Structures are given as structure tokens and as C-alpha cells.
1. Residue by residue through region 37-52, what is 3J(HN,Hα) from phi via Karplus (6.51 cos²θ - 1.76 cosθ + 1.60, θ = phi - 60°)? Round to whole Hz and write x for glycine and proline.
2. How large is ³J(HN,Hα) for each residue in region 53-61, as worked out from phi by the Karplus curve 6.51 cos²θ - 1.76 cosθ + 1.60 (θ = phi - 60°), to whole Hz, x for Gly and Pro?
3. When only C-alpha pairs under 8 Å and at least 6 residues apart count, what is the relative contact order of region 29-112, in percent?
4. For region 59-113, run through the GluC sites (Glu not before Pro) and keep only the ones in DSSP coil with at most 14 other Cβ atoms within 10 Å of their Cβ.
5. Strictly over 22 Å apart at the Cα level, which of Lys39/Lys59; Lys49/Lys77; Lys50/Lys79 would you flag in this model?
6. With all protein chains present, how much of the accessible area of region 29-112 (probe radius 1.4 Å) comes from carbon and sulfur, to the nearest whole percent?
7. For region 28-84, run through the trypsin sites (Lys or Arg not before Pro) and keep only the ones in DSSP coil with at most 12 other Cβ atoms within 10 Å of their Cβ.
8. To the nearest 0.05, how large is the calculated FRET efficiency for Glu31 and Phe73 if R₀ is 22 Å and r is the Cβ-Cβ distance?
Amino acid sequence: MKKTLTLFLSFLFIMIEFSACKKKEIGTPGENEIFLLYKTFSPTSLVIKKGTTVTFTNKDNANHSVSSSSGLFNSGKIKSDESFKHTFNDAETYNFFCNYHSSQQEQGAVIVQ
Ligand SMILES: [Cu+2]
């Protein structure tokens, strides 16, 4: 009986370890990358040079979007683990928001110099 219990506890321990390993790694955004996570853009603003392509990556479980406040671009639905890329060619500030969480202040900016 004791042997069975020991075996069961070992099994349980291994399962816990295994599930901990499988936990999603979020990491940090790359040089010209913005994460969509927890209904925020991370970083909230990014300064880039003209002609730079920015990658927006959804690190959340929920759907998000990158929608230009002035209607210049719109990613449409970005599912979990999917990305949207946009190249910024003019020196100006581009404000954007998420269509799904606009009422929850999910907004950001790319400042092109
Ligand atoms: Cu969103």
C-alpha cells in the first residue's frame, strides 16, 4: 500500500513539473516589435526611423487588432500567437488602438523620425 502511495505521489510530482514546463513563454518584444498582451500594447510607444517595419505580435489568448486612429491601416483580427506587420514611411506620429478593447484604453503609438 505504501509503495502504491509513493508511486502515486511520484507520478503527481512529475505531472506538476511537466505542466510547469509547458507554461507559455512570453519573453520580451524584439527591436521593432510590439506585443499585444493583457489588453495593452507593450511597449505603449515605439520610436523608429522612416521605412521601418514594425511587427505587432499577439501574445495574449484573446483576439486583438492594430487599428490606425486616422484610418491609415488596420490589421483586422490578430489571433493568439499571430503577427501583423506594417511599414511606416513618413515622419509622423501614428496612433492606433485595438478594435476589440478600444473602450478599455488599449492604445499605442509609433513615432517615426
Ligand atoms: Cu485588444
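1. 8, 6, 6, 9, 8, 10, x, 5, 9, 9, 9, 9, 8, 3, x, 7
2. Running phi through 6.51 cos²θ - 1.76 cosθ + 1.60 with θ = phi - 60° gives 9, 9, 9, 9, 10, 7, 9, 9, 8 Hz.
3. Values: 192 pairs, mean separation 27.8, N = 84.
Value for region 29-112: 33 percent.
4. Working: sites: Glu82, Glu92, Glu106; in loops: Glu82, Glu92, Glu106.
Answer in residue order: Glu82, Glu92.
5. Working: Lys39/Lys59 10 Å; Lys49/Lys77 27 Å; Lys50/Lys79 28 Å.
Where the Cα-Cα span goes over 22 Å, the pairs concerned are Lys49/Lys77; Lys50/Lys79.
6. Details: 1890 of 4410 Å².
Exposed carbon and sulfur together represent 43 percent of the surface.
7. On the way: sites: Lys39, Lys49, Lys50, Lys59, Lys77, Lys79; in loops: Lys39, Lys49, Lys50, Lys59, Lys77, Lys79.
Qualifying residues, ordered by number: Lys49, Lys50, Lys77, Lys79.
8. Numbers: r = 20 Å, r/R0 = 0.92.
For Glu31 and Phe73, the calculated efficiency is 0.60.
The values are calculated or read from the model by the stated rules, or taken from the named source; none is laboratory data. Being a predicted model, the structure only gives us computed values, none of them experimental. We place every Cβ from the backbone using ideal geometry, glycine too, and count neighbours over all the protein chains shown. Protein only, heavy atoms only, side chains kept; ligands, DNA and RNA dropped before computing areas. Shrake-Rupley method; radii C 1.70, N 1.55, O 1.52, S 1.80 Å.
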